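Structure first, then comments.
The values are calculated or read from the model by the stated rules, or taken from the named source; none is laboratory data. Because the structure is predicted, anything quoted here is derived from the model rather than measured. Note that each Cβ is placed from the backbone with ideal geometry, even for glycine, and that neighbours are counted across all protein chains shown. The protein model used for the area step is the full one, side chains on, heavy atoms only, and it has no ligands, DNA or RNA in it. Shrake-Rupley method; radii C 1.70, N 1.55, O 1.52, S 1.80 Å.
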Amino acid sequence: MLNFSLPRRYEDALVLLLTEVLNRIQFRYNQAQLEELDDETLDDDHQTEWQRYLRQSLEVVAKVMELLPTHAFSTLFPVLQDNLEVYLGLQQFIVTSGSGHRLNITAENDCRRLHCSLRDLSSLLQAVGRLAEYFIGDVFAARFNDALTVVERLVKVTLYGSRIKLYNIETAVPSVLKPDLIDVHAQSLAALQAYSHWLAQYCSEVHRQNTQQFVTLISTTMDAITPLISTKVQDKLLLSACHLLVSLATTVRPVFLISIPAVQKVFNRITDASALRLVDKAQVLVCRALSNILLLPWPNLPENEQQWPVRSINHASLISALSRDYRNLKPSAVAPQRKMPLDDTKLIIHQTLSVLEDIVENISGESTKSRQICYQSLQESVQVSLALFPAFIHQSDVTDEMLSFFLTLFRGLRVQMGVPFTEQIIQTFLNMFTREQLAESILHEGSTGCRVVEKFLKILQVVVQEPGQVFKPFLPSIIALCMEQVYPIIAERPSPDVKAELFELLFRTLHHNWRYFFKSTVLASVQRGITEEQMENEPQFSAIMQAFGQSFLQPDIHLFKQNLFYLETLNTKQKLYHKKIFRTAMLFQFVNVLLQVLVHKSHDLLQEEIGIAIYNMASVDFDGFFAAFLPEFLTSCDGVDANQKSVLGRNFKMDRDLPSFTQNVHRLVNDLRYYRLCNDSLPPGTVKL
């Protein structure tokens, strides 16, 4: 944050700029121009023309705030206040009608003015939210009172909107005013969410005193959120409330949050089997918030004051309620007659796993204790998932979701799952994904089937990277699955599906299990001063290298770039190109393929990377490259005569530094192309090829 004083003339200019920018985003001052901006068509960044204009304007406001915090705040806040007064004054115009409540503002001119005021308030709320970062960190104490004024005002506005239910009120122009009222309410929640880091800092400053002021802010915010967590509330507003709840649970984390009655009400609503389920995204967010309240450690408190035992019991109850219907599927999965229609079963699986996967993903980077409690609560659901998996192996949409869940578990809770159960999961998957099943998924089930196989390969990527000896026994099966079952199906297909994940798995297998292929003998290294490595599992290594070589002959530039990077990484980390098997049997085959790629111009965007890789390979045996490989390569070149080949050979200087060598390679390639072009343009028989 900048900390210096500007000359007075610059201050005046910046304040003038700020005032002008604020006027230009308000319909009150700039209606004609703003109404011309499209607010429906989304651009490549998923923004409308209006949203882009507003965002760019708010960045100017933020920059002025950074340079002149006091001036900027004192300019913006009164403008916000004026528009808030209009909004907060709407209560006096609400009358009871037969079907509910109605806003008794009907004159066309009044409706238009209200529309403009609400649009402006929505923009100004976004402006206030954008400035939240300038009240935290080192300046927290100095700007505390200004921030508190903003947050108290935002809390008041959100509570007001929720209490009088402006989002459900009938209006004279429902197609215009109702979206306006919903948007203002949603933006007030979003602006308050922007101050969650300020609230977190406030929480840490007062954590010992638990000052009533802070408790009231949080409790009142929860009173504003809770009525909105309902199927009767529009999605836009519902999701804003859910995001704010997640921020309170995750960023602020006050100790007393779980004891607030409004939070208890949300717990009861979400765990009530008879309550209507929220839309998917909202359900996931609310469940994430409730889980985080119980799992995340409270800041500034020692381990012995975290109340883990009672939080663990409550978390187990929460997960049990959320997975009730899912866990009941287990007996019917093996029964000959399913009691429930397939679509209903699929819906339960989708709804439960989307929630559980999100909970695991959000806890994966947390403390060991949090992850332990999370896995204890999930254990039965994980076992049910494994039991259900074989029954749905031919339903690619279900296996896709199940593998997503298992992938998240492997990434986040691998240690907590324990070795025996993890082995059981891997073995189950290896047994289920037979050659026939893989072919069915990849060849006949389109993108969903390919996604299933990709997620399975991602799980195996996690397994092969695991340090220690625990999962090493699976290596032969995993490599066999890759090379004998998956690779033959996808090798000749032009589609890139599955290939990137397969080659990443092969790379990770080599990179993290080098000793599976190359065993160093310590005695030899002591006696001779060099490390002599004994080759093991040579056929598997050769097959993997051959697959990499084949991938360079295919048109997919992304796969080419990825695989070239993998080979170069293996050389940097493990000296791949120097290994005897590579040096004697593969080195110049790879150089040949890469040179041919340059000649054919099929991957011109990667010229530089290919040139460097050729140098790194040739530098292992420069003598062999210049004396044997280069003459052989030129001899095998079609479309040029003997004299031209001789010239090409003579012109390739025997430089051994990287810049000169790569320059020689590119000159050779360009000259070879040129000769071919000339020869092709001549009448047949002119040149003896």
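Odds and ends about this structure:
- For Leu34, the shell of other residues with beta-carbons less than 12 Å away shows a net charge of -3, using +1 for Lys and Arg and -1 for Asp and Glu.
- Dipole magnitude (debye, nearest 20) for the stretch 75-254, charges at Cβ of Lys, Arg, Asp, Glu: 340 debye
- Cut-off 14 Å between beta-carbons: net charge of the residues surrounding Lys573, Lys and Arg +1, Asp and Glu -1: +3
- Taking the C-alpha atoms only, the angle from helix 396-412 to the longest principal axis of the chain is near 90 degrees.
- Pairwise label distance in nanometres, Arg435 with Lys265, each label 7 Å out on the Cα-Cβ vector: 6.3 nm
- Amide N of the stretch 421-457 lying under 15 Å from the label point, which is placed 7 angstrom from the Cα of Arg493 along Cα→Cβ: 434-457
- The gain in end-to-end length when the Lys472 to Arg667 segment is fully stretched comes to 65.5 nm, 0.36 nm per residue minus the alpha carbon separation.
- Between 0 and 90°, nearest 10: helix 642-651 axis offset from the chain longest Cα axis: 60 degrees
- To the nearest ten degrees, helix 212-225 and the longest principal axis of the Cα atoms of the chain are 80 degrees apart.
- For the peptides 150-159, 362-371, the ranking by mean Cβ contacts within 10 Å, running from highest to lowest, is 150-159, 362-371.
- Per-residue ellipticity at 222 nm, computed for the chain from helices alone with -39500 (n - 2.57) per DSSP H run of at least four residues, works out to -21500 deg cm²/dmol.
- On a per residue basis, the stretch 226-288 carries 40 Å² of accessible surface, using protein heavy atoms and a 1.4 Å probe.
- Based on Cα contacts under 8 Å between residues 6+ apart, the stretch 339-491 shows a relative contact order of 25 percent.
- Take 24-32, 112-120 and order them by the average number of nearby Cβ atoms within 10 Å per residue, most first; the result is 112-120, 24-32.
- The chain: relative contact order as a whole-number percent, Cα under 8 Å and 6+ apart: 6 percent
- For the stretch 534-689, the relative contact order comes to 20 percent (Cα pairs under 8 Å, sequence separation of at least 6).
- Computed over the stretch 75-254, the alpha-carbon pair-distance distribution with 5 angstrom bins reads 1, 8, 17, 21, 19, 14, 9, 6, 3, 1, 0, each value a whole percent.
- R0 of 25 Å, Cβ-Cβ distance Thr368-Glu423: FRET efficiency to nearest 0.05: 0.70
- Radius of gyration and maximum dimension Dmax of the stretch 407-559, Cα, Å: 17.1, 58
- Per principal axis, descending, Cα span of the stretch 575-681 in whole Å: 45, 29, 23
- Length, then width, then depth: along the principal axes, the Cα atoms of the stretch 318-445 run 42, 31, 23 Å.
- Accessible carbon and sulfur surface of the chain relative to its total accessible area, %, 1.4 Å: 51 percent
- Of all lysines in the structure, the ones whose alpha carbon falls short of 21 Å from that of Lys281, not counting any fewer than 8 places away in one chain, are Lys232, Lys236, Lys265, Lys346.
- Sequence-distant aspartates and glutamates (8 or more away, or on other chains) whose Cα lies within less than 14 Å of Lys575: Glu532, Glu533, Asp621
- Averaged over its residues, the stretch 632-689 has an accessible area of 64 Å² per residue, based on protein heavy atoms and a 1.4 Å probe.
- Taking 19 Å as the straight-line reach from the Cα of Lys472, the lysines in range (excluding those fewer than 8 positions away in the same chain) are Lys458, Lys519.
- Where [x] 42, 34, 26; [y] 58, 36, 26; [z] 64, 38, 19 are the candidate values, the label of the one calculated here for semi-axes √(5λ) of the Cα gyration tensor in Å is [y].
- Of the GluC sites (Glu not before Pro) found in the stretch 27-95, those in coil by DSSP whose Cβ has at most 16 other Cβ atoms within 10 Å are Glu40.
- Computed from the C-alpha gyration tensor, the three semi-axes of the ellipsoid equivalent to the stretch 18-62 are 19, 14, 5 Å, from longest to shortest.
- Selected from Phe552, Ala282, Ser97, residue furthest toward positive end of dipole (the chain; charges at beta carbon): Ala282
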